[in-house]
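The structure under discussion appears below in the form of structure tokens.
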Amino acid sequence: MDYPDRFDVIVIGGGHAGTEAALASARMGCQTLLLTHNIETLGQMSCNPAIGGIGKSHLVKEIDALGGAMAVATDLGGIQFRVLNARKGPAVRATRAQADRVRYKAAIRGMLENQPNLTLFQQAAGDLIVENDTVRGVVTETGIRFLAETVVLCTGTFLGGVIHIGLEQSRGGRAGDPPSNRLAERLRALPFRVDRLKTGTPPRLDARSLDFSQLEEQPGDTPTPVMSFMGRREQHPRQVSCHIAHTNERTHEIILANLDRSPMYSGVIEGVGPRYCPSIEDKVHRFADKSSHQVFIEPEGLETHELYPNGISTSLPFDVQLQVVRSIKGLENAHITRPGYAIEYDFFDPRDLKHSLETKFIHNLFFAGQINGTTGYEEAGAQGLLAGLNAARRAKGLEAWWPRRDEAYLGVLVDDLITLGTREPYRMFTSRAEYRLLLREDNADLRLTEAGRELGLVDDTRWAAFGEKREAIERESARLRACWVQPGTAAAMAVETKTGKPLSREYSLMDLLKRPELGYRDLADLPGIDGESVTDESVAEQVQIQAKYQGYIDRQQEEIDRLKRHEATPLPEDLDYSRVEGLSHEIRQKLAEAKPATLAQASRISGVTPAAVSILLIHLKKRR
Ligand code: FAD
């Protein structure tokens with residue numbers, strides 16, 4: 001039957017890409033249908049219940065700056081928050097939250113159910129309605145036809161999904177969910193380039209069977225960070241600790257003795273797995289010189305005993321998994337509640353997409369998330385938001401929108417995917433962004449919220465809060481530039497006490513703030529200085545970062561210009577990349593294989609970052 005109502009946008013799949021896509025489209029005023037296998041699994045975290053981390057939190061904050069759901073749900077569901085790289089520069093600082101998977105999912109579902117213009121429907125999509133190379137709608141597996149202007153496909157690991165535990169295989173989209181085989185077949189018949197990738201997950205453990213006295217405790221940060229620019233600490237549920245365990249030589253012996261029973265090493269799995277999130281068998285095999293690997297023991301929620309042992313993802317048979325787990329100190333009596341497994345699935349070559357994430361072959365059809373060769377909730381959510389907003393704009397007859405590489409990690413992600421494609425599951429790193437001093441997690445709102453408002457993604461409450469924050473930053477920066485500290489005054493003496501050096505001449509507060517030994521709070525309320533300091537920590541942080549890093553940011557721009565000038569520099573054929581200091585193992589390997597003729601060619605190889613190109617340039621200069 002034809003469903004009586006017609007939609008502007010249909011989103012298929014209620015994972016991280018699909019939920020952001022549907023919410024974005026509906027926020028923009030489009031009548032949107034979210035069609036998903038199972039309403040109970042909306043926003044489900046297939047693997048680790050954690051959001052953010054290095055490179056990834058930048059995406060989460062960008063989604064948030066554009067009015068999306070992920071950061072808000074993280075604040076409602078997060079049970080341990082930390083800022084990673086806190087002592088390093090702000091470009092690589094990253095917020096990470098362990099989430100209670102039930103609370104996170106409930107938060108996402110709540111947002112979906114309360115979103116005007118959004119309709120949910122539970123059923124699998126079995127086919128696309130395509131006429132004259134243009135998608136017209138979707139047919140469910142029971143034959144209901146939904147018509148729409150545009151369709152966004154966000155089916156994650158479900159297309160042709162095959163689950164592996166040891167040499168046993170079964171069909172599934174993830175443990176407990178069916179695969180999407182009919183849709184996969186249909187899509188394979190369309191002119192897209194399709195290949196297989198693989199990802200894996202560790203066994204889950206029962207906390208009551210662990211000896212925590214043998215593990216190192218890792219509490220969250222105090223004061224507790226928040227993920228959303230609109231977030232408040234008081235929204236967080238009770239906070240708990242994670243713990244750290246270690247594999248040992250015995251663990252590695254067990255793995256090596258059983259590699260022939262691993263589907264990866266016996267050739268059963270063809271798909272390429274995530275290099276940066278390798279299985280434990282991969283780590284032990286690849287890094288044979290390491291006698292131990294860290295295992296983070298992370299709670300899955302506040303009302304469950306289940307734990308996620310982060311670092312031992314595996315597809316070895318269950319009996320080996322049990323031996324591996326029980327060889328770890330503190331886990332000698334561990335009970336596995338769910339075996340680990342690997343999953344192989346279809347993905348589409350993202351080079352067949354435009355920057356808007358519309359496919360090049362079928363008009364009005366957009367792809368987002370894991371099906372584009374990425375891995376991770378954050379990468380999926382960011383693409384979902386972009387595809388959803390562009391599907392909505394197309395339905396309204398508007399031009400596509402996407403951020404540039406110097407505006408957002410989202411811009412880097414999409415540009416990398418559609419220009420370079422990927423041969424392995426793609427995840428975000430700060431090193432992928434050449435403009436990373438500009439693209440910090442702390443300024444995602446300043447970079448994107450105005451654009452989000454123009455696009456119709458940002459509601460009045462967020463817009464008002466953002467406006468106040470932006471004005472407060474400008475006001476306070478102007479005050480710091482206008483206030484001068486004269487030598488010999490009480491203010492100068494206060495500064496001298498903090499720095500241990502005399503003030504030789506007058507300085508503005510802004511100039512003083514650029515000094516590494518002085519922070520905003522040191523200068524905020526000096527005696528005899530006009531005006532009041534700000535109490536909002538996010539404003540103070542922004543004023544401080546902008547003051548301290550302006551010099552670096554300017555230098556980064558110069559570096560980018562310099563690299564552009566050197567693009568034609570030849571790379572000698574006999575260049576031994578293993579001897580180029582500072583390059584990662586992966587980049588060395590890729591360069592050695594590809595043997596690029598020039599720096600420009602090197603820079604276009606997937607995974608060869610602008611930072612790596614810069615290292616090559618320095619190496620070439622040294623060789624001369
Ligand atoms: P998903 O979250 O997979 O959501 C897909 C949605 O589409 C589901 O709701 C599904 O029900 C629905 N759907 C599918 N087919 C249809 C259909 N025909 N009709 C209607 N609805 C449909 N990421 C990491 O960063 N690190 C890891 O270590 C990691 N390990 C993983 C291990 C496993 C076993 C799995 C399964 C995933 C792992 N991931 C990992 C990946 C992470 O889960 C995904 O990147 C993320 O969930 C992708 O989001 P998505 O929205 O693209 O797809």
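What do you get for the angle between helix 444-455 and the principal long axis of the chain? Use alpha-carbon atoms, 0 to 90 degrees, nearest ten. Taking Cα atoms only, the helix is inclined about 60 degrees.
The value of relative contact order for the chain, using C-alpha pairs under 8 Å at least six residues apart, is 17 percent. Rounded to the nearest whole Hz, the Karplus-based 3J(HN,Hα) values (6.51 cos²θ - 1.76 cosθ + 1.60, θ = phi - 60°) of segment 146-159 follow the sequence 10, 9, 7, 6, 9, 10, 10, 9, 9, 8, x, 8, 8, 6, with x at glycine and proline. Amide H contacts under 5 Å for Thr134: His363, restricted to partners 5 or more places along the chain or on a different chain, H placed in the peptide plane at 1.01 Å from N. Angle between the Cα long axis of helix 460-482 and the longest principal axis of the chain, 0 to 90 degrees, nearest 10? Its long axis makes an angle of about 30 degrees. Using the empirical formula 2.2 N^0.38 Å as the baseline, the Cα radius of gyration of segment 236-300 reaches a ratio of 1.38. For Val226, nonlocal amide neighbours, meaning residues 5 or more places apart or on other chains whose placed amide H falls under 5 Å from its own, do not occur.
Taking amide H as placed 1.01 Å from N in the peptide plane, the amide H of Phe366 sits under 5 Å from that of Val151, Val152, Leu153, Thr359, each at least 5 places away or on another chain.
Using a cut-off of 32 Å between Cα atoms, the listed pairs Lys61/Lys621; Lys56/Lys283; Lys283/Lys548; Lys590/Lys621; Lys198/Lys290; Lys88/Lys469 include Lys61/Lys621; Lys283/Lys548 as exceeding that distance.
Under the simplified labelling scheme, the Glu216-Ala592 pair shows an inter-label distance of 3.1 nm, with each label point 7 Å from Cα along Cα→Cβ. Highest-first packing order for the peptide set 376-384, 462-470 is 376-384, 462-470, based on the mean count of other beta carbon atoms within 10 Å. Take the Cα of Gln169, step 7 Å along the line toward its Cβ, and report every residue of segment 241-270 whose backbone nitrogen sits under 20 Å from that point. Of the residues in segment 241-270, 259-270 have backbone N under 20 Å from the label point off Gln169. In the chain, the longest principal axis of the Cα atoms and the axis of helix 56-65 are about 80 degrees apart. Of the residues Asp460, Asp416, the one with the fewest other Cβ atoms within 10 Å heads the list, and the complete ranking is Asp460, Asp416.
Rounded to the nearest 500, the 222 nm mean residue ellipticity of the chain from helices alone is -11000 deg cm²/dmol, with -39,500 (n - 2.57) taken per DSSP H run of at least 4 residues. Cβ crowding within 10 Å, taken as a proxy for footprinting-reagent exposure, orders Lys621, Lys198 from fewest neighbours to most as Lys621, Lys198.
What is the diffusion coefficient of segment 1-126 in µm²/s, taking the Kirkwood radius over Cα pairs and the Stokes-Einstein relation at 4 °C with a viscosity of 1.567 mPa s? Estimated diffusion coefficient is 85 µm²/s.
Sort 546-556, 179-189 by the packing proxy (mean of other Cβ within 10 Å over each peptide's residues), most packed first.
The peptides rank, most packed first, as 179-189, 546-556.
What you get for the chain, charging only the Cβ of Lys and Arg (+1) and of Asp and Glu (-1), is a dipole of about 1220 debye around the Cα centre. The 3J(HN,Hα) values that the Karplus relation (6.51, -1.76, 1.60; θ = phi - 60°) gives for segment 168-184 are, in residue order, 7, 10, 8, 8, x, x, 5, 4, x, 10, x, x, 9, 7, 4, 5, 4 Hz. Gly and Pro appear as x. The label-point distance for Arg261 and Arg182, in a model that sets each label 7 Å from Cα toward Cβ, rounds to 3.8 nm. Applying the Karplus relation 6.51 cos²θ - 1.76 cosθ + 1.60 with θ = phi - 60° to segment 246-258 yields 3J(HN,Hα) values of 9, 6, 9, 4, 4, 4, 5, 4, 4, 5, 5, 5, 10 Hz, where x marks Gly and Pro.
When each of the peptides 352-365, 281-294, 219-232 is scored by how many other beta carbons lie within 10 Å of its residues on average, the order from highest to lowest is 352-365, 219-232, 281-294.
Only the coordinates and a few stated rules stand behind these numbers; no lab work does. This one's a predicted model, so the numbers in the text were calculated from it and none came from an experiment. With ideal geometry, Cβ positions are generated from the backbone for all residues, glycine too; neighbour counts draw on all protein chains shown.
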